[in-house]
């Protein structure tokens, strides 16, 4: 017969797996949304019967409209997410995103397409800003960067999925069919979240809802953070002070103001690289003489490298600190992109593309984990939202800069040098982020909390 502690541990593991799975699947479709446009942009450029006449500069603007929506959605979520809770925002984001993708597939012209891309981005922003916060509050200490990497690796996994489906299905279903696939989360992910995604006990405790926190903790097997003295004696947790600053107000305090600026700049650099390369990488490689299938294969390798490299790097982040690892991966990205301008054998070229994926998309995965664990619960949602939202400015500039470079007819290797310079700046900014010593108190075991509630 299992002891109460063993039953609680099994409940906790099951809850963590469900939370991570739901958050990761949500971000798979964020990544799908990110990359699917890059896979169809050549079709839209070459066939005016689809949406109308589109040039490279217009294509860059259209790519940025979705990112502007993500920025607005993330910042709006940061303003309300720490008040409304993680579960409500996740469910709303899944619904909004799915409907946006479905409607985009029906867009009749360029203006409608851009407007619907913006609207879809609002839902994506809510998901990106909330996923890291909820995972950080359920994952056990010492594994938080790893679990965050699994969740945010959903973005490059979605990129791989979009690349594969474009290679296999683009000619058969067209760009509209690929966008309809992006609407499918409403059919399976929304019911899953409604049934299996609990509210965060840590968030409930931070809002002073002590009894609700205990109830969720006992049902889900998830520890509730309490002061150390209370944890030792299994007394009731102390509710958050009524004067405590929450959300964006907490980010403006002396404790978080400077780190928030620097973390935002890190995310700006990471997302400029992520969105710029995912939008324009196939087009840049086609100018090196590679055909459409090769160009899409490079996009697949870029995102696959980000998935596997990001997971490996996250283990190092848990062991030696995320700051060191993020600075290193930024630097590796710069080196890889500089080498991509050379005439190298295909095998070496593919290896460099994978390293570039680790150092760009994979680095952004690590940044989300870094940010999610940097803040306490009262500021966590706003902190992740700030980095996702402000960082999306970089995501907006990435496709725009790529489009302007293509429209200006500059040599294709210049684009790689520009992106390499951005990676160097990202590494330098990371080096200046103050070291963080977590102030989260030891969590009370669910069995102890249950005893305290009796």
Item to check | Test result for residue 173, without any contact (Cβ under 8 Å) to a residue 40 or more places away in the chain and not in a loop (DSSP other than H, G, I, E, B) | outcome: yes
Checklist entry - Is it the case that some residue within the stretch 109-118 is surrounded by 24 or more Cβ atoms within 10 Å (Cβ to Cβ), in a helix (DSSP H, G or I) and under 18 Å from the mean Cα position of the chain (by Cα)? => result yes
Item to check | Output for the stretch 52-67, where each listed residue is surrounded by fewer than 20 Cβ atoms within 10 Å (Cβ to Cβ) and assigned to a helix (DSSP H, G or I) | outcome: 56, 57, 58, 61
Checklist entry - So which pairs qualify, if the first residue must be in the stretch 76-101 and on the phi > 0 side of the Ramachandran plot, the second must be part of a helix (DSSP H, G or I), the Cβ gap must be under 6 Å, and the two must be at least 6 apart or on different chains? => result 85/203
Next on the checklist: Looking at 257, 336, 231, can you tell me which residue is in contact with a helix residue (DSSP H, G or I) (Cβ under 9 Å, 6 or more places away or on another chain), at pLDDT 85 or above and surrounded by 19 or more Cβ atoms within 10 Å (Cβ to Cβ)?
Outcome noted: 336
Next on the checklist: Looking at residue 359 and the list (1) under 29 Å from residue 146 (Cα atoms); (2) surrounded by fewer than 16 Cβ atoms within 10 Å (Cβ to Cβ); (3) at pLDDT 85 or above, which single condition is not satisfied?
Outcome noted: (2)
Checklist entry - Of all residues in the stretch 376-435, how many are assigned to a loop (DSSP other than H, G, I, E, B) and under 30 Å from residue 252 (Cβ atoms)? => result 5
Checklist entry - Taking residue 13 and the conditions (1) in a helix (DSSP H, G or I); (2) at pLDDT below 85; (3) touching a helix residue (DSSP H, G or I) at 6+ places or on another chain (Cβ under 9 Å), which numbered condition does it fall short on, given that it satisfies the others? => result (3)
Checklist entry - From the list 70, 19, 41, which residue is within 17 Å of residue 175 (Cβ to Cβ), touching a residue at least 12 places away in the same chain (Cβ under 8 Å), part of a helix (DSSP H, G or I) and in contact with a helix residue (DSSP H, G or I) (Cβ under 6 Å, 6 or more places away or on another chain)? => result 41
Checklist entry - Picking from 162, 183, which residue would you name as being within 30 Å of residue 50 (Cα to Cα), in a loop (DSSP other than H, G, I, E, B) and in contact (Cβ under 8 Å) with a residue 40 or more places away in the chain? => result 183
Next on the checklist: Please count how many residues of the stretch 150-206 are over 23 Å from the mean Cα position of the chain (by Cα), closer than 14 Å to residue 38 by Cα and buried (at least 18 other Cβ atoms within 10 Å of the Cβ).
Outcome noted: 2
Next on the checklist: Filter the stretch 302-326 down to the residues that are surrounded by fewer than 19 Cβ atoms within 10 Å (Cβ to Cβ) and farther than 28 Å from residue 283 by Cβ and list them by number.
Outcome noted: 311, 312, 315, 316, 319, 320, 321, 324
Checklist entry - If you go through the stretch 118-130 one residue at a time, how many are modelled with pLDDT of 85 or more and either touching a strand residue (DSSP E or B) at 6+ places or on another chain (Cβ under 6 Å) or farther than 11 Å from residue 94 by Cα (or both)? => result 4
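The values are calculated or read from the model by the stated rules, or taken from the named source; none is laboratory data. Just so it is clear, the structure is predicted and the values come from calculations on it, not from any experiment. Because the Cβ atoms are built from the backbone with ideal geometry, glycine has one as well, and the counts that use them run over all protein chains shown.
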